[in-house]
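So the structure is just underneath, and the comments pick up after that.
What follows draws every value from the coordinates through simple rules; no lab data is involved. The model shown is predicted, which means the values in this text are computed figures rather than measured ones. Heads up, the Cβs are rebuilt from the backbone with ideal geometry, glycines too, and the neighbour counts pull from every protein chain shown.
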Amino acid sequence: MKNNSVHDEATVTRQMLLDQGYLDNYFMQLEQIEASGNPNFVRYIFNLYFEDTEKYIHTVERCLEMSLPNSDDVDGALYRLKGSSASIGANKVKIEVNRLRAMCKEKDAETERCKELLQNLKRERAILKEKMDNYFQLLKSAEPEPSADSVVTRE
């Protein structure tokens, strides 16, 4: 009975993440792939995503700290971050990437304004990470516990 209520809570959480714009339909497509026989696929993809995006954000931070930021390096990292975010359905992160990328492409882009937008991006990524960690924990809690029949003991 507990697993059903936890599963319901996970379903509500997923819908909330979609309704609040944290995730979009690409996330639902990932879950369909997982449902077709790839257990923990979505969790694995999100773990990779959070590892990779941390590197991209670090690259952007490093570039913006330079007296003359290399716009090609900034744009390249943001392009990869945008693609990664779009491919998993990280909607709010993708929106912040687009804002930052547009600002950095402006001819007279102010580095301080770009840094402010980078902080917004980092905040949205951190919020998404926390929400997804909670969601995946709910899913794990909803998994059926092994029955006594399925446990193999050695004599």
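Does the stretch 85-94 contain at least one residue that is over 14 Å from the mean Cα position of the chain (by Cα), hydrophobic (A, V, I, L, M, F, W, C) and in a helix (DSSP H, G or I)?
No, the stretch 85-94 contains no residue that is over 14 Å from the mean Cα position of the chain (by Cα), hydrophobic (A, V, I, L, M, F, W, C) and in a helix (DSSP H, G or I).
What number of residues in the stretch 96-119 are closer than 24 Å to Lys131 by Cα and in contact (Cβ under 8 Å) with a residue 40 or more places away in the chain? So that I can check it myself, show each step before the final result.
First, the residues of the stretch 96-119 that are closer than 24 Å to Lys131 by Cα: 96-100, 116-119.
Next, only the ones that are in contact (Cβ under 8 Å) with a residue 40 or more places away in the chain stay: 100, 118.
Counting residues in the stretch 96-119 that are closer than 24 Å to Lys131 by Cα and in contact (Cβ under 8 Å) with a residue 40 or more places away in the chain gives 2.
Identify the single condition in (1) loosely packed, with under 14 Cβ neighbours inside 10 Å; (2) free of Cβ contacts under 8 Å to residues at least 24 places away in the same chain that Gly21 does not satisfy, given that it satisfies every other one.
Of the numbered conditions (1) loosely packed, with under 14 Cβ neighbours inside 10 Å; (2) free of Cβ contacts under 8 Å to residues at least 24 places away in the same chain, the odd one out for Gly21 is (2).
Considering only residues that are surrounded by 15 or more Cβ atoms within 10 Å (Cβ to Cβ), in a helix (DSSP H, G or I) and either of a type in the set (Lys, Arg) or touching a residue at least 24 places away in the same chain (Cβ under 8 Å) (or both), which ones fall in the stretch 62-81?
Leu64, Val74, Asp75, Leu78, Arg80, Leu81
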